[in-house]
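This report refers to the structure that appears directly beneath it.
The values are calculated or read from the model by the stated rules, or taken from the named source; none is laboratory data. Quick caveat, the model's predicted, so the values are computed rather than measured. Cβ sites come from the backbone with ideal geometry, for glycine too, and all protein chains shown count toward neighbours. Protein only, heavy atoms only, side chains kept; ligands, DNA and RNA dropped before computing areas. Shrake-Rupley method; radii C 1.70, N 1.55, O 1.52, S 1.80 Å.
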Amino acid sequence: METPAWILVFILSGMLFLFLLLFIILLVKLIGVTKEAKKIMIQGQDIAEKADDIAGNVRDMTTVGGLVKTFVEGYTGEGARKKKAAKRAKVEKDDEEE
């Protein structure tokens, strides 16, 4: 080969080396950025779920139906009715046994 051909080969190989080196560095940085983006996405989903829960709680406490439901459950005592029903069932069972 002649001298100008060797010069072109060296220039092109040097440029190829630089582009490959830059591409590898860029690829490593891009992988790091995607990992950070994934962390941010997961945190955003957690925040959205918490905000949805808070909005549901506020909606239940501010709507008329939610307030009435809370008041009725507190006034009638869902637990008290269940206890009374259990006592009645026990008494009926004891009466049947006798």
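Label positions at Val9 and Ala51, each projected 7 Å from the Cα along the C-beta direction, are separated by 6.2 nm.
Note on Ile24 and Tyr75: the model spin-label points, each 7 Å out from Cα along the C-beta direction, lie 7.7 nm apart.
Relative to its residue count, segment 7-73 spans a Cα convex hull of 73 Å³ per residue. Only protein heavy atoms count here; under a 1.4 Å probe, Ile25 has an accessible surface of about 90 Å².
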